[in-house]
């Protein structure tokens, strides 16, 4: 499988994100291509992470198919053969597409991320320590880091092209989108989270939190879009090592974040672009985390032959 830092395909580009390129296939369809780029502390690293794009695409495809009875999505296919057959302009570009591309319905995205938190961690824990709240709303007193939230909390956030997303209240979403759509988003997010959480638990993984994105298609149908319960959009914790009261190991780019945090603590990197070069062992350790997440969630091994 080809290492891909950036795709260049003969289709109109809709946008290039930190990880994905989005191309217009026709007025009704988009092509998503997940590169092997990786970011940390909102900075994109120079070095790509082998197999990362394939892991993100194939885990999302797994979830889109598994969660289809729960909620409709924009997903059509992640089969490279089917994409090449349906989009003749891409023939001759298999290397850029293999394992990392997805054909989807075009939608108008909802301008909020729908985060569900089953455990308190990350920015939610930081706010709770300061004020006992999440997005300004009180949480139960006496929580410790990584404690379960019973019941899980719907915690929407603004979408940010750069920098961090900002947690907001459901009332703020309702003011922007209307109460009916906000209620639909909340219900769908909880249903999707519960289904994903239960499957992951059977595979020895705790999904501590995750974000969902939604969009409306040309027929007015609300659909789940973007990526679903991947290591980039979720916190995956190994259930057998879970200990509330502190941070948890995770199946994502933790080796990369740990390395960069050490550099920042030592004053060898200021946390801004340009990023420092990554040692081979950090790249390899990060790859292994992503591959293990794929194996655990799907029950399959990712094909990693060149």
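The values are calculated or read from the model by the stated rules, or taken from the named source; none is laboratory data. These numbers were taken from a predicted model, which means no experiment stands behind them. Cβ atoms come from the backbone with ideal geometry, glycine included; neighbour counts cover every protein chain shown.
Each row is one residue, and each column tells you yes or no for (1) under 15 Å from the mean Cα position of the chain (by Cα); (2) crowded, with 21+ Cβ neighbours inside 10 Å.
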{"position": "22", "(1), (2)": "no, no"}
{"position": "32", "(1), (2)": "yes, yes"}
{"position": "35", "(1), (2)": "yes, yes"}
{"position": "42", "(1), (2)": "yes, no"}
{"position": "62", "(1), (2)": "yes, no"}
{"position": "96", "(1), (2)": "no, no"}
{"position": "109", "(1), (2)": "no, no"}
{"position": "114", "(1), (2)": "yes, yes"}
{"position": "132", "(1), (2)": "no, no"}
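Residues that are over 22 Å from the mean Cα position of the chain (by Cα) and assigned to a helix (DSSP H, G or I) were ranked within the range 270-288; the one that is nearest to residue 252 (Cα to Cα) is 281. I'm told residue 69 meets every condition in (1) surrounded by fewer than 23 Cβ atoms within 10 Å (Cβ to Cβ); (2) assigned to a helix (DSSP H, G or I) except one. Can you identify the failing condition by its number? Going through the list (1) surrounded by fewer than 23 Cβ atoms within 10 Å (Cβ to Cβ); (2) assigned to a helix (DSSP H, G or I), residue 69 breaks only (2).
Could you list, in sequence order, all residues of the range 39-64 that are in a helix (DSSP H, G or I) and closer than 18 Å to residue 303 by Cβ?
Applying the first criterion (in a helix (DSSP H, G or I)) to the range 39-64 yields 52-64.
Hits for the range 39-64 are 52, 53, 54, 55, 56, 57, 58, 59, 60, 61, 62.
Just to verify a result, which residue in the range 5-19, among those that are in contact with a strand residue (DSSP E or B) (Cβ under 8 Å, 6 or more places away or on another chain) and closer than 14 Å to residue 98 by Cα, is surrounded by the most Cβ atoms within 10 Å (Cβ to Cβ)? Looking at the filtered set, the residue picked out is 7.
Looking only at residues in the range 233-256 that are assigned to a loop (DSSP other than H, G, I, E, B) and in contact (Cβ under 8 Å) with a residue 60 or more places away in the chain, the one that is surrounded by the most Cβ atoms within 10 Å (Cβ to Cβ) is 253.
Would you confirm whether or not the range 155-166 contains a residue that is more than 24 Å from residue 74 (Cβ to Cβ), over 22 Å from the mean Cα position of the chain (by Cα) and in contact (Cβ under 8 Å) with a residue 24 or more places away in the chain? Reasoning before the result, please.
So in the range 155-166, the residues more than 24 Å from residue 74 (Cβ to Cβ) come out as 162-164, 166.
Applying the additional criterion that residues be over 22 Å from the mean Cα position of the chain (by Cα) yields none.
Looking through the range 155-166, none of the residues is more than 24 Å from residue 74 (Cβ to Cβ), over 22 Å from the mean Cα position of the chain (by Cα) and in contact (Cβ under 8 Å) with a residue 24 or more places away in the chain.
Would you confirm, using the coordinates I've provided, whether residue 76 is over 30 Å from residue 258 (Cβ atoms), over 21 Å from the mean Cα position of the chain (by Cα) and touching a residue at least 40 places away in the same chain (Cβ under 8 Å)?
Working: over 30 Å from residue 258 (Cβ atoms): yes; over 21 Å from the mean Cα position of the chain (by Cα): no; touching a residue at least 40 places away in the same chain (Cβ under 8 Å): yes.
So residue 76 fails the test.
I'd like the residue in the range 139-167 that is under 13 Å from residue 113 (Cβ atoms) and assigned to a loop (DSSP other than H, G, I, E, B) and, out of all such residues, is modelled with the highest pLDDT. Write out each step before concluding.
Residues of the range 139-167 that are under 13 Å from residue 113 (Cβ atoms), as a first pass: 154-161, 164-167.
Okay, now just the ones that are also assigned to a loop (DSSP other than H, G, I, E, B), so 155-156, 159-161, 164-166.
Working: 155: 92, 156: 95, 159: 78, 160: 64, 161: 58, 164: 65, 165: 76, 166: 84.
Within the range 139-167, the match that is modelled with the highest pLDDT is 156.
Among the residues of the range 72-92, those that are surrounded by 19 or more Cβ atoms within 10 Å (Cβ to Cβ) and in a loop (DSSP other than H, G, I, E, B) comprise 74, 78, 87.
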